[in-house]
Amino acid sequence: MSMFDKAKDKAEQVTGQGKEKVGRATDNEELEDAGKRDQLSGEAKEAGHDLRDKAAGAVHDAKEAFRGDK
């Protein structure tokens with residue numbers, strides 16, 4: 001995962017945490033729920049990027065192994 005993607009995903013999670021806390025403190029359920037959604041979205045994006053990177057690594061390893069057999 002690029003560092004930029006990782007930073008964006010973490011920022012979305014931190015923003016969500018802030019929204020959730022402010023929503024809870026002000027008894028604003030909409031803001032609290034929006035914060036939870038932001039956190040989940042950031043976590044899902046991060047997991048997707050991690051999965052993509054692992055797949056790319058596996059493809060690279062397979063190519064290297066194939067080249068080594070020739």
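Selection of the range 1-18 for residues being part of a helix (DSSP H, G or I) and hydrophobic (A, V, I, L, M, F, W, C) yields Met3, Phe4, Ala7, Ala11, Val14.
Looking for whichever is touching a Leu at 6+ places or on another chain (Cβ under 9 Å) and modelled with pLDDT of 95 or more here; the options are Val22, Val14. Which one fits? Going through Val22, Val14 in turn, just one is touching a Leu at 6+ places or on another chain (Cβ under 9 Å) and modelled with pLDDT of 95 or more: Val22.
Every residue in the range 19-36 that is in a helix (DSSP H, G or I) and surrounded by 13 or more Cβ atoms within 10 Å (Cβ to Cβ), please.
We begin by selecting, within the range 19-36, every residue in a helix (DSSP H, G or I); these are 19-25, 29-36.
Within the range 19-36, Lys19, Glu20, Lys21, Val22, Gly23, Arg24, Leu31, Glu32, Asp33, Ala34, Gly35, Lys36 meet the criteria.
Look through the range 46-56, keep the residues that are under 16 Å from Lys6 (Cβ atoms) and either aliphatic (A, V, I, L, M) or free of Cβ contacts under 8 Å to residues at least 40 places away in the same chain (or both), and return whichever of them is surrounded by the most Cβ atoms within 10 Å (Cβ to Cβ). Lay out the reasoning, then the answer.
In the first step, residues of the range 46-56 are kept if they are under 16 Å from Lys6 (Cβ atoms); the result is 46-54, 56.
Add one more test, that the residue is either aliphatic (A, V, I, L, M) or free of Cβ contacts under 8 Å to residues at least 40 places away in the same chain (or both), and what stays is 47-48, 51, 54, 56.
Working: Ala47: 11, Gly48: 13, Leu51: 11, Lys54: 11, Ala56: 10.
Filtering the range 46-56 for residues that are under 16 Å from Lys6 (Cβ atoms) and either aliphatic (A, V, I, L, M) or free of Cβ contacts under 8 Å to residues at least 40 places away in the same chain (or both), the one surrounded by the most Cβ atoms within 10 Å (Cβ to Cβ) comes out as Gly48.
Listed by first and then second residue, the pairs with beta-carbon distance under 6 Å, at least 6 apart or on different chains, first residue in the range 5-25 and farther than 23 Å from Leu51 by Cβ, second of a type in the set (Lys, Arg) and in a helix (DSSP H, G or I), are Glu20/Lys36.
State whether the residues of the range 57-68 include one that is without any contact (Cβ under 8 Å) to a residue 60 or more places away in the chain, closer than 15 Å to Lys8 by Cα and either polar (S, T, N, Q) or assigned to a helix (DSSP H, G or I) (or both). No, the conditions are met nowhere in the range 57-68.
The values are calculated or read from the model by the stated rules, or taken from the named source; none is laboratory data. Just so you know, these numbers come straight off a predicted model, no measurement behind them. Positions of Cβ are generated from backbone atoms using ideal geometry, with glycine treated the same way; all protein chains shown enter the neighbour counts.
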